[in-house]
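Here the structure is laid out as structure tokens; the discussion comes afterwards.
The values are calculated or read from the model by the stated rules, or taken from the named source; none is laboratory data. Source: prediction; values computed, not measured. Cβ: placed from backbone, ideal geometry, glycine included. Neighbour counts: every protein chain shown. Heads up: the accessible areas ignore ligands, DNA and RNA and are worked out on the full protein's heavy atoms, side chains in. Shrake-Rupley method; radii C 1.70, N 1.55, O 1.52, S 1.80 Å.
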Amino acid sequence: MIDTNPLIVALDVPELSEAVELARRLQGEVGYFKIGLELFSAHGPETVTAIGEFGDVFLDVKLHDIPTTVSRATRQLGRLGVGLVTVHALGGKDMVAAAVEGLALGAKGHSGPQPRILAVTVLTSLSDADLATVGLPGAEDAVLELGRTAVGAGAPGLVCAPRDASRLRQEVGPSTVLVTPGVRPAGSDSDDHARAATPAEAVAAGANYLVVGRPITRAADPVTAARSILSEVDPA
Ligand code: C5P
């Protein structure tokens, strides 16, 4: 039996009311609600408080700036009560360390588990040529290098594609949280993911959390869709 719910539902909708309605329906069914740039840009911090009424919030804002600026931003996000926040590992070890420190400072005074920084290794939209322009090796090696650096800087978790999870797991060991998007239920449409993995494949590769959006948010019955995805991971 899984002991924590590994499902993160991406609330990629433009209207806060729509996101809140989805979160209300899915309360207790998923590990985190992921708020992305679209909702956060439209509705700001109110998004976190509104969705936070129904469960833990993963704020996917992929911060990337100088360490001081990122630290000051994550401090504010920590105050809001987020559970997970993304930064780009490409921002460097000092920036990742600053993000971790800022988030912890901001969360002081909040009860409950410590919020965690997740470092995004390599965006799947970047080509090897893009990576070469910033002096990085091909995507496969860059993922390992960036993952190792971010964990060394104190990041408790990483975001990676399912296909990179198993090598990354070997690289960073068992205690780092690995989060993989690009997950699709067995036999379903992969939408725009070039290499989608099933929930069982992603977990077998070492993922602790699976990000799934449209297969749940666009389902006629999101609760049944979420339960069905979880049953693929944990038939018990
Ligand atoms: O609807 P779907 O399951 O494709 O949503 C996936 C979520 O994961 C989206 O919020 C998207 O921004 C995010 N994501 C992704 N692929 C990546 C990185 C992040 O789909 N490589």
- Message: Classify region 1-68 from the C-alpha gyration tensor, please: rounded if a/c falls under 1.5, else prolate or oblate depending on whether a/b exceeds b/c.
- Response: oblate
- Packing-based ranking, highest mean first, of 86-94, 69-77 given that Cβ atoms within 10 Å are counted: 86-94, 69-77
- Using the heavy atoms of the protein chains alone and a 1.4 angstrom probe, what is the accessible area of region 73-125 per residue in square angstrom? 44 Å²
- Highest-first arrangement of 44-52, 152-160, where packing means the average Cβ count within 10 Å: 152-160, 44-52
- Query: Each label point is 7 Å from the Cα along the Cα-to-Cβ direction; what then is the distance between the points at residue 218 and residue 190, in nm?
  - Reply: 1.6 nm
- Note on the structure: For region 11-78 the mean separation of alpha carbon contacts under 8 Å (6+ apart) over residue count, i.e. relative contact order in percent, is 32 percent
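For region 7-159, what % of the accessible area comes from carbon and sulfur atoms, probe 1.4 Å?
After summing per-atom areas, the C and S share lands at 51 percent.
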- Excluding residues fewer than 8 positions from residue 93 in its own chain, the lysines with Cα under 17 Å of it are 62
- Query: What per residue convex hull volume, in Å³, do the alpha-carbon atoms of the chain yield?
  - Reply: 119 Å³
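Report, in debye and to the nearest 20, how large the dipole of the chain comes out about its Cα centre when Lys and Arg carry +1 and Asp and Glu carry -1 on their Cβ.
The dipole of the chain has a size of about 540 debye.
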- Between region 149-172 and region 79-116, the alpha-carbon center distance in angstrom: 17 Å
- Query: Toward the positive end of the charge dipole of region 127-236, about the Cα centre and with charges on Cβ (Lys, Arg +1; Asp, Glu -1), which of 166, 220, 142 goes farthest?
  - Reply: 220
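Calculate for the chain the 222 nm mean residue ellipticity that helices alone would give, adding -39,500 (n - 2.57) per DSSP H run of length 4 or more and normalising by residue count, nearest 500 deg cm²/dmol.
That calculation yields -13500 deg cm²/dmol at 222 nm.
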- Rounded to the nearest whole Å², what accessible area per residue is found for region 129-230 with the 1.4 Å probe? 45 Å²
- Message: Report the Rg/Rh value for region 38-130, based on alpha-carbon coordinates and the Kirkwood definition of Rh.
- Response: 0.99
- Message: Using the Karplus curve 6.51 cos²θ - 1.76 cosθ + 1.60 with θ = phi - 60°, what ³J(HN,Hα) values do you get for each residue of region 162-167, in whole Hz, with x for Gly and Pro?
- Response: x, 5, 9, 4, 6, 5
